[in-house]
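For reference, the structure is listed below as structure tokens.
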Amino acid sequence: MMATKRGVILVGHGGIPKGCPSELVSKLKRLEGQRRATNMPMSAEELELDTRIRQMPRTPETDPYQAGLESVATQLKASLGNVLFAIAYNEFCAPTLEASVEELVKKGATSITVVTTMVTPGGSHSEVEIPEILDQLRPQYPGVALRYAWPFDLKLVADTFAEQVNRFSS
């Protein structure tokens, strides 16, 4: 029997890099809204815009969100030990969750746990989009266990927030 090779993907929201033309983002969001309203697949135009925005050059100055997520990812990876690790973004930034799953599978992952930085209930990315993407990916990778570490224990989230508040309280 083959040993399980674990993978972890940290999913963040994704940010728009400074200097990205606002009309591109507006057009992308309009096309996305139309697609969701009609329950149709992504059009070629929407895919091109999405890819263009995700592939824009980024630095910590132009995309501090990406730099912050990468910093969290470095700490998380160090805490998890010997796992394959990747980052993914819901929107505006590359790589996508689909691309990160593909990357880890190519590296030999047979079990992938996806965790998001979006910890509170009610968000469309965390509660709808990520599970939908994983449901679409499972048939493509039948030999890979794809798990979603959701929902968060809100008591643990609150404890983390309380610890943070206490760090800044006199």
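The values are calculated or read from the model by the stated rules, or taken from the named source; none is laboratory data. Since we're looking at a predicted model, the values are computed, not measured. We place every Cβ from the backbone using ideal geometry, glycine too, and count neighbours over all the protein chains shown.
So the values come out like this:
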item	result
Options THR96, THR51, THR74; residue that is under 20 Å from GLN136 (Cα atoms), exposed (fewer than 15 other Cβ atoms within 10 Å of the Cβ) and not aliphatic (A, V, I, L, M)	THR51
Test: residue in region 29-43 that is within 19 Å of the chain's Cα centre (by Cα), small (Gly, Ala, Ser), surrounded by 12 or more Cβ atoms within 10 Å (Cβ to Cβ) and not in a helix (DSSP H, G or I)	no
Boolean, LYS18 is of a type in the set (Lys, Arg) and part of a helix (DSSP H, G or I)	no
Boolean, ILE133 is hydrophobic (A, V, I, L, M, F, W, C), surrounded by 11 or more Cβ atoms within 10 Å (Cβ to Cβ) and either modelled with pLDDT under 95 or under 18 Å from ARG6 (Cα atoms) (or both)	no
Output for region 2-28, where each listed residue is surrounded by 14 or more Cβ atoms within 10 Å (Cβ to Cβ) and in contact with a strand residue (DSSP E or B) (Cβ under 9 Å, 6 or more places away or on another chain)	LYS5, ARG6, GLY7, VAL8, ILE9, LEU10, VAL11, GLY12, HIS13, GLY14, GLY15
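Let's see how each residue does on (1) within 30 Å of GLU32 (Cβ to Cβ); (2) touching a Lys or Arg at 6+ places or on another chain (Cβ under 9 Å):
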position	(1), (2)
GLN66	yes, yes
VAL101	yes, no
SER111	no, yes
TYR141	yes, no
